[in-house]
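The values are calculated or read from the model by the stated rules, or taken from the named source; none is laboratory data. As the structure is a prediction and not an experimental result, all values here were calculated from the model. Neighbour counts run over all protein chains shown; Cβ positions are idealised from the backbone, glycine included. In case anyone asks, the SASA skips ligands and DNA or RNA and just uses the protein heavy atoms, side chains included. Shrake-Rupley method; radii C 1.70, N 1.55, O 1.52, S 1.80 Å.
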Amino acid sequence: MIHANGIHKSYDSLEVLKGIDLHINKQEIVSIVGASGAGKSTLLHIIGTLDKADRGQLVIDGTEVSRLNDTALAAFRNRKIGFVFQFHHLLPEFTAIENICIPAYIGGMGKKEAADKAMQLLDYLNLTDRKDHKPSELSGGEQQRIAVARALINNPAVVLADEPSGNLDSQSAQELHRLFFRLRDEMHQTFVIVTHNPELAAMSDRTITIKDGVIR
């Protein structure tokens with residue numbers, strides 16, 4: 001699903017990634033761990049095409065993304081990559097179902113089709129009764145599950161999660177972790193997760209440690 005070879009990234013004189021080779025299979029859950037500043041989030045942003053490597057090759061679901069222009073890259077990102085962040089980034093003025101539909105609208109999906117698919121996801125996540133609630137009316141765990149539904153609406157090839165349970169209480173964090181594995185098993189979803197949570201890292205199919213800009 002993901003092949004990254006020789007990924008280098010510097011910011012001014014600071015070399016953050018020093019030649020990362022990473023290969024992730026379809027329907028695999030991989031956790032990336034390491035100390036703060038080791039380069040975990042930088043790597044995730046490059047895999048997510050939110051940032052570009054200085055050099056190296058990145059292939060996602062058969063497409064070499066470094067060859068895409070900005071317009072094609074934005075369309076690829078919307079279609080192929082789902083994102084879940086520590087802070088859910090739901091738009092406060094929109095309801096749960098409206099937030100879920102936004103990536104579908106951006107991708108050109110019709111309003112009815114997007115709403116139908118969002119309702120299917122809400123039902124899967126046991127959140128149908130919260131569809132018309134705005135983020136401020138939802139618990140932290142509910143907000144993050146809505147963010148997961150938003151990440152899934154376009155059937156992405158991979159979901160990238162950056163500290164997804166870092167802002168949740170322990171029970172909500174455990175529920176979110178179990179959800180990831182249910183999505184892997186039932187929807188054949190692939191996950192790459194940056195985390196400081198040792199429980200989530202231990203549950204993963206594979207854990208990758210980054211130290212000083214390289215995989216250890």
(message) Could you go through the range 1-14 and let me know if any residue there is at pLDDT 90 or above, closer than 18 Å to ALA161 by Cα and surrounded by 20 or more Cβ atoms within 10 Å (Cβ to Cβ).
(response) yes
(message) Can you report the number of residues in the range 25-59 which are part of a strand (DSSP E or B) and either farther than 16 Å from LYS80 by Cα or touching a Phe, Trp or Tyr at 6+ places or on another chain (Cβ under 9 Å) (or both)?
(response) 8
(request) Give the range 84-99 a look and list any residue that's open to solvent by less than 40 Å² (accessible area, probe 1.4 Å) and in contact with a Leu (Cβ under 9 Å, 6 or more places away or on another chain), or say none. (result) VAL84, LEU90, ALA96, ILE97, ASN99
(message) Among the numbered criteria (1) open to solvent by 10 Å² or more (accessible area, probe 1.4 Å); (2) within 17 Å of the chain's Cα centre (by Cα); (3) within 19 Å of ILE46 (Cα to Cα); (4) at pLDDT below 85, which one does THR207 miss?
(response) (4)
(request) From ALA115, ALA157, ALA161, ALA147, grab the single residue that is over 21 Å from LYS80 (Cβ atoms), of a type outside the set (Asp, Glu), out of contact with any Phe, Trp or Tyr (no Cβ under 6 Å at 6 or more places or on another chain) and in contact (Cβ under 8 Å) with a residue 12 or more places away in the chain. (result) ALA115
(message) Given the options ALA149, ALA157, ALA115, ALA74, name the one that is open to solvent by less than 40 Å² (accessible area, probe 1.4 Å) and closer than 17 Å to HIS45 by Cα.
(response) ALA157
